[in-house]
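All remarks here apply to the structure that follows.
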Amino acid sequence: MDVRLSPEQEALRASAAQVVARFGPKAVGQLDDPERRARLDAAVDESGWRELRGDTGAGVPLASGVEPALVAEELGRGLADVSFLGPTLAAELRRIAGAPPARSGETVGLDTDLGLLVHEGEPGSSPMVAIDTLGCDSAVYLVADADADADADADANANADADADPDADGYRLARVELGPTRSGLDLTRPSVILRSLSPPALVEGSQRLVTADDITRWTALGLALASADLSGVMGGAVALACEYAKERKQYGAAIGSFQAVQHMLADAFALTEGARSITLHAAWAVDALPAPDALAAAAAAKAYSARAARTVCETVIQVHGGIGNTWECLAHVFLRRALFSGDICGDASVNLGRLLRHHGIGAGNGFR
Amino acid sequence: MDFGDSPDESAFRIRLRTWLQDNNPGLPASSTDDEYWAGMAAWHRSLYDAGFFAMSWPTEIGGQGLSPVFEVIVDEELAAAGAPPRPSLGYLVQGIIEHGSPEIRRRFLPGIVNGRERWCQGFSEPDAGSDLASLRTRADREGDDFVLSGQKIWTSYSDEAEWCLLLARTDHDVATHRGISAFAVPMRQPGIKQRPLRMINGVTKEFGEVHFTGARVPAANMIGEPGEGWALAMTVVSHEREPGELGYVARYAKVVNDLGRRVRTDPAAFGSEQISELGWAMVEVEMLRRHVQRRLSERLNGIHHGPEGSVDKLLMTWVEQAVGHAALSSGGLAHGGGDDSWLHTYLYSRAQSVMGGTSQIQRNLIARRILGLPASS
């Protein structure tokens, strides 16, 4: 065991931080600057980060879960308004399904609570949400395949997360073009609501059915990357508040000199460090552990990070006082991003339930 | 970056797991019972003799000179087996390694490490708690000895210890923290009286108070230079704050595993609030386990005592107190008699935000030394 980052991983982190420092938004007003956003998107495009989970050609990903997690953390820290998490998860799905890489910007479609990947129910009856859509013109999602070969997936289903449909033998990859509808929670990563999904347009060239086991591992990656984004969001938010606490004066002194303020920020910093540690493990576990263990590690990381991030961002608003409650202050942009990432692949409650089930506890006690 | 075992690590893990099958002393959880504290010395020697203690300490003091990663493996396997955690004396060892002369290190460290000599720590005083530098116990030079007078409190294992790492004032004419020196004081001598403290969970064998009235310590037993006591104390407390040093992850994991078993045995008896509290305790323990792995890996770059220890201490405190709350809600209060160990686990958890520097002191340190916030006016 040696959980220090390798020199390559350190370099990747530094390079992501550098791109965000150069092209990321420094103020709320800059969120509306399409030229800056285009430069950020071009830099991310050129980096190849969105393809880290693409196929080496042998069916395995180019990078472990750790590399995209490092990128996600830096993008979160700098409130980068560029798609990354969605396209990374889409590339993961294409690799799993043995489908060719997307030809243009593509993200994933999730259920409206961002917790489920598989589209269920009557065609067109329940809307889905494409997340993290900047620069994307389509989304992929999964549909249950009734005619799938049951034998191939019998083993996989034994390890399945409860989220997967136990009656389905496998899943196929479907693709939908994105319309213009945008939701407004996360000011840095807009969603698109998908309404007409019937009949599903299957992705051409997919070589294999996606198994329940695949979905478990995919979910682990989604949780780990969302947690990494949350680590970054927390770090960026705490830095913003510390800067403000050193400048802002009341009673003739910087408010950061008051213990009441210092202790809030110290707690926020400690939570951030705890989140980083548990998330680093979850990111490593994505490929390194059996799927159910990877999911449990990711669920623990996500539950911790989602709860911590909300607390930290609330603290950051409080430290900013009245200004923290205005649109112009970046504090709410951090909070919104924290709430959004907090829901991706399940909120704290969903993931607490996953962890408890992994330990044989929780069915029937109000946990999904 | 790799959380997995190397072949050496894996072989070590299996050896320890096998050994534990026959050598787990089956002591109660640390906080619940004097039996635990009474059994710790034997557990220490048993672990050490089998080659499962002092994994990462230098070989010249009886350690095995391996990577700190082996300490993590020990903690994980002890927790999985429901065995007691390893004794926490890394802070003593690090303090003496860093500040003691070669002679002092040779004389004292092997006995601490192999468990043949028991030590206690004489730092806090009734009027010097968080403000440790204001301590008043005196050490006055008389020939080749120093003569001690004063009172210490919160002295762990003072009833059993043969030696005390004592902080005392040797110079009254300089700023408070510069007049303090450290000594290795023999405890079994006239002029030292110790009285156990009964803690809120009823335990009497963990902490004591010690009165020094004319006890003597040879000048050769001074650890470090005159006036170096404060620096030594800072080394010791910064270590004391690190969960990796203390091996507490094993203790917390044991409580959570025991609670999980209890809930699985009769799930219908537990409501969603109780299950939720247990789930959060599991999350917290998992966080601390990974955090410790991260910190111990960072030590492969060389040991460094920075203010990060305060972050670790704060996280560890939150974990212990979340585990305490889970013990309270899922373990129960034994109103109808029976097992009251859960209540004691909970009660014990309240001390974690005080011992080794209060959570408020840790927050001060994080704010000033990590976040760079200005001094209070």
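The values are calculated or read from the model by the stated rules, or taken from the named source; none is laboratory data. None of the values given here were measured: they were computed from a predicted structure. Counting neighbours? That spans all protein chains shown, and the Cβs are built from the backbone with ideal geometry, glycine included. Each accessible area value is taken on the protein alone, full model and side chains, heavy atoms only, with ligands, DNA and RNA left out. Shrake-Rupley method; radii C 1.70, N 1.55, O 1.52, S 1.80 Å.
If only residues of the stretch A:54-89 that are in contact with a Pro (Cβ under 9 Å, 6 or more places away or on another chain) and over 20 Å from A:Ala298 (Cβ atoms) are counted, the one that is most open to solvent (accessible area, probe 1.4 Å) is A:Asp55.
Yes/no per residue for (1) within 11 Å of another protein chain (Cβ to nearest Cβ); (2) open to solvent by less than 20 Å² (accessible area, probe 1.4 Å); (3) at pLDDT below 95:
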residue	(1), (2), (3)
A:Ala283	yes, yes, no
A:Pro290	no, no, no
A:Ala296	yes, yes, no
A:Ala303	yes, yes, no
A:Ala308	yes, yes, no
A:Val312	no, yes, no
A:Gln318	no, no, no
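You will find that of A:Ala268, A:Ala241, A:Ala260, the residue that is part of a helix (DSSP H, G or I), over 24 Å from A:Cys345 (Cβ atoms) and touching a His at 6+ places or on another chain (Cβ under 9 Å) is A:Ala241 and no other.
In the set B:Glu320, B:Glu273, only one residue is farther than 23 Å from B:Gly247 by Cα and either in contact with a His (Cβ under 8 Å, 6 or more places away or on another chain) or in contact (Cβ under 8 Å) with a residue 24 or more places away in the chain (or both); that residue is B:Glu273. Within the stretch A:341-348, can one find any residue that is in a helix (DSSP H, G or I), open to solvent by less than 10 Å² (accessible area, probe 1.4 Å) and in contact (Cβ under 8 Å) with a residue 40 or more places away in the chain? Yes. Restricting the stretch A:1-51 to residues that are surrounded by 15 or more Cβ atoms within 10 Å (Cβ to Cβ) and within 14 Å of chain B (Cβ to nearest Cβ) leaves a set whose member that is nearest to A:Leu335 (Cα to Cα) is A:Arg13.
For the stretch B:90-128, filtering for residues that are β-branched (Val, Ile, Thr) and farther than 19 Å from B:Met222 by Cβ leaves 1. Filtered by the rule that a residue be over 14 Å from the mean Cα position of the chain (by Cα) and under 21 Å from B:Arg290 (Cβ atoms), the stretch B:83-99 gives no residues. Just one of the numbered conditions (1) facing chain B (nearest Cβ under 9 Å); (2) touching a Leu at 6+ places or on another chain (Cβ under 7 Å); (3) part of a helix (DSSP H, G or I) is not true of A:Leu356: (2). A:Leu116 meets all of the listed conditions (1) within 24 Å of A:Arg276 (Cα to Cα); (2) away from every other protein chain (no Cβ under 14 Å) but one, namely (1).
Among the residues making up the stretch A:255-281, those that are closer than 30 Å to B:Asp5 by Cβ and more than 7 Å from chain B (Cβ to nearest Cβ) are A:Leu271, A:Thr272, A:Ala275, A:Arg276, A:Thr279. Checking each residue in the stretch B:270-301 for being more than 21 Å from the chain's Cα centre (by Cα), within 18 Å of A:Met1 (Cβ to Cβ) and more than 7 Å from chain A (Cβ to nearest Cβ) picks out only B:Asn301.
Residue by residue, here is whether (1) within 15 Å of A:Ile215 (Cα to Cα); (2) not hydrophobic (A, V, I, L, M, F, W, C) holds:
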residue: A:Gly54; (1), (2): no, yes
residue: A:Glu73; (1), (2): no, yes
residue: A:Leu89; (1), (2): yes, no
residue: A:Ala130; (1), (2): no, no
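Of the listed requirements (1) over 22 Å from the mean Cα position of the chain (by Cα); (2) of a type in the set (S, T, N, Q); (3) under 30 Å from B:Gly332 (Cα atoms), B:Thr204 misses just one: (1). The strands (runs of 3 or more DSSP E) located wholly in the stretch B:118-220 that include 1 or more residues which are open to solvent by 60 Å² or more (accessible area, probe 1.4 Å) occupy B:138-142, B:145-156, B:192-196, B:207-218.
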